[in-house]
Amino acid sequence: MSRLKRLAILGSTGSIGCQAFSVIQSLNQPEPRFSVEALAAGENLDLLVAQINAVQPKLVAIKKSSDIARLEKILGREWRGEILVGEDGLQAIAQLPSADLVLNGLVGAAGLSPTLASLYAGKTVALANKESLVIGGHLIKRALSEGNGKLIPVDSEHSALFQLFEGRQFSEIARLVLTASGGPLRTRPLEDFSKVTVAEVLKHPTWQMGKRITVDSATLVNKAFEVIEAHWLFDLPFEKIHTLIHPQSLVHGLVELIDGAVLAHLSVTDMKLPIQYALTYPERMATELPRLDLIKHKLEFDPVGEKRYPAFRTVVEAGKVGGTLPAVVNATDEVLVQRFLNGEIPFTGIAQGIQEIAEQHEPMKNPTLEEILEADRWTRERASMQIG
Ligand SMILES: NC(=O)c1ccc[n+]([C@@H]2O[C@H](COP(=O)([O-])OP(=O)(O)OC[C@H]3O[C@@H](n4cnc5c(N)ncnc54)[C@H](OP(=O)(O)O)[C@@H]3O)[C@@H](O)[C@H]2O)c1
């Protein structure tokens, strides 16, 4: 790359944020190609301090003002940047004038406002936060058409499809296929589902990710979110977006063209690859990652089982209805996943709760950001009292 690319990272202490750090460290050898101008994190101050010391950003945002004193104490006098807090902090980093690219690795609905702020500020956003498109896809489309911003997907499946779409005409696309590993319960007898433990659900067979997305991979809510994400990213109707279970997670996306040819994207199962592509786009750079050895693998594909993954259909249908319903489904899932992790509800309570709360909601068409956030608040209250 010809000149230093300046990055702002939202969610730097999370799974995506940490993997981005490791990509940047390796791309910055032998000479620096990226600088990190700003970091935003939630509550993991010890990790944040290590990151601040490693990259010396000018600006840092944390979630709670009550953590500022502790952060300043751990940092000592070595670092002279500025600390901001909460939504204001996220907004400032999302629009930071000196950043060329904003990586949004926040988890949940909290990611939407910063994505919009970045796009209206004309930034290129490497988007891992899929909830931005799930709950506010129409707002993001508007921001893209009204501002000078750009989106580069980080989700492995969407990165794969983005690469397959490059240079293609929209009229050539017959349909696309997203693949799903099927998660840790893919072969588990259905009768056991009500008693599966948190530890079993967090043991993802192919990917190492944050807790919420790992639970969402077991319910397939994650894949339903990705269907909605693909609908907005690639401007395709839901009928042209298909999903297959592919336990090896080596084929990340397929594009079927109108003449019947099918293009596939394959790679080793490692999020560092799509993160790197989003950071270096449109250039490609060599990596030390292991190479795909197809002789070692059998590639299998299966349909999505409706009984095993009941939430998949509910969430895709919510995406088709649109308006405030995807925000309701997302917030229900965020709360119920956390309640499952806390041991308050059984695994089966997640799909059941999503269905019940979606049925109680009267969706509002074409909502504003404030109306989406209001639907999110309405839902959180209900979902925190939902009997599992
Ligand atoms: N992990 C993956 O491999 C993967 C793959 C594909 C897509 N994605 C998507 O990428 C996004 C991030 O996933 P993840 O697995 O990296 O999540 P994660 O490990 O839970 O990390 C989330 C990050 O967001 C920060 N955060 C959360 N709420 C915040 C708030 N209100 N203000 C400031 N920071 C906040 C957390 O900070 P603290 O930890 O400091 O509290 C953490 O840095 C999700 O949308 C997920 O679906 C992830």
Just how large is the dipole of the range 5-153 about the Cα centre, in debye to the nearest 20, putting +1 at every Lys and Arg Cβ and -1 at every Asp and Glu Cβ? 220
Interchain or long-range residues, amide H under 5 Å from GLY253's placed H: HIS265
Through the Karplus equation 6.51 cos²θ - 1.76 cosθ + 1.60, θ set to phi - 60°, convert the phi angles of the range 185-191 into ³J(HN,Hα) values in whole Hz; use x for Gly and Pro. 10, 4, 10, 6, x, 4, 4
Please work out the Kirkwood hydrodynamic radius for the range 284-324, using every pair of different C-alpha atoms, and report it in angstroms with one decimal place. 14.6
Residue-ordered couplings for the range 146-157, obtained by feeding phi - 60° into the Karplus form 6.51 cos²θ - 1.76 cosθ + 1.60 and rounding to whole Hz (Gly and Pro as x), are 8, x, 9, x, 9, 10, 10, x, 10, 3, 4, 5
Whole-Hz couplings from phi, Karplus 6.51/-1.76/1.60, listed for the range 345-356; x for Gly and Pro: 9, x, 4, 5, x, 5, 4, 5, x, 4, 4, 5
Share antiparallel - DSSP beta bridges, the chain, percent rounded to 5: 25
Inter-probe distance in nm under a simple model that places probes 7 Å from Cα toward Cβ, at ASN53 and LYS240: 5.2
Between the range 265-295 and the range 301-371, what is the C-alpha centre distance in whole Å? 32
Rounded if a/c is under 1.5, else prolate if a/b is larger than b/c, else oblate: which is the range 72-197, with a ≥ b ≥ c the root eigenvalues of its Cα gyration tensor? oblate
Whole-number percent relative contact order across the chain, with pairs defined as alpha carbons under 8 Å at least 6 apart: 15
Quick calc, MET364 & ASN28: beta-carbon distance into FRET formula, R0 56 Å, rounding 0.05, result 0.75
Expected max-MSF residue from ALA311, ALA54, ALA20 in the GNM of the chain (alpha carbon, under 10 Å) is ALA54
Length-normalised contact order for the range 1-118 - Cα pairs under 8 Å, 6+ apart - percent: 33
Residue with peak Gaussian network fluctuation, the chain [Cα springs, cutoff 10 Å], from ALA199, ALA126, ALA117: ALA199
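For the range 94-148, would you read off the P(r) tail past 14 Å as a percentage of all alpha carbon pairs? Before the final figure, lay out each step's value.
Numbers: 661 of 1485 pairs.
The answer is 45 percent, as a whole percent.
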Evaluated at q = 0.08, 0.10, 0.15, 0.19 Å⁻¹: base-10 log I(q)/I(0), Debye formula over Cα of the range 162-319: -0.25, -0.40, -0.90, -1.38
Long-range amide H partners of ALA61 with built H, under 5 Å: LEU39, ALA40, ALA41, LEU84
Listed with the fewest Cβ neighbours within 10 Å leading, ILE140, ILE258, ILE295 appear as ILE295, ILE258, ILE140
Let me know the charge dipole size of the chain about its Cα centre in debye, to the nearest 20, where only the beta-carbon of Lys, Arg (+1) and Asp, Glu (-1) is charged. 700
Can you give me the pair-distance distribution of the range 300-388, C-alpha pairs, 5 Å bins, whole percents? 3, 15, 25, 22, 17, 10, 5, 2, 0
At q = 0.10, 0.11, 0.12, 0.15 Å⁻¹, work out log10 I(q)/I(0) for the chain with the Debye formula, treating every Cα as an identical point scatterer and leaving solvent out; two decimals please. -0.64, -0.79, -0.95, -1.50
The chain, helix-only ellipticity at 222 nm - DSSP H runs n ≥ 4, -39,500 (n - 2.57), divided by all residues, nearest 500: -13500 deg cm²/dmol
Please compute the Cα-Cα pair-distance distribution of the range 5-153 with 10 Å bins starting at 0, giving whole percents from short to long. 12, 45, 33, 10, 1
Among SER194, SER113, SER181, which one moves the most in a GNM of the chain with springs linking Cα atoms closer than 10 Å? SER194
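Report, in listed order, any pair from LYS58/LYS223; LYS150/LYS211; LYS211/LYS296; LYS150/LYS272 with a Cα-Cα distance greater than 25 Å.
In this structure, LYS58/LYS223; LYS150/LYS211; LYS211/LYS296 exceed 25 Å between Cα atoms.
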Binned at 5 Å starting from 0, the alpha-carbon pair-distance distribution of the range 212-255 in whole percents comes out as 5, 19, 28, 27, 16, 4
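Each value in this text was obtained by applying a stated rule to the coordinates, not by laboratory testing. Predicted model only: the values in this text are computed from it and were never measured. Using ideal geometry, Cβ is built from the backbone for each residue, glycine included, and neighbour counts are taken over all protein chains shown.
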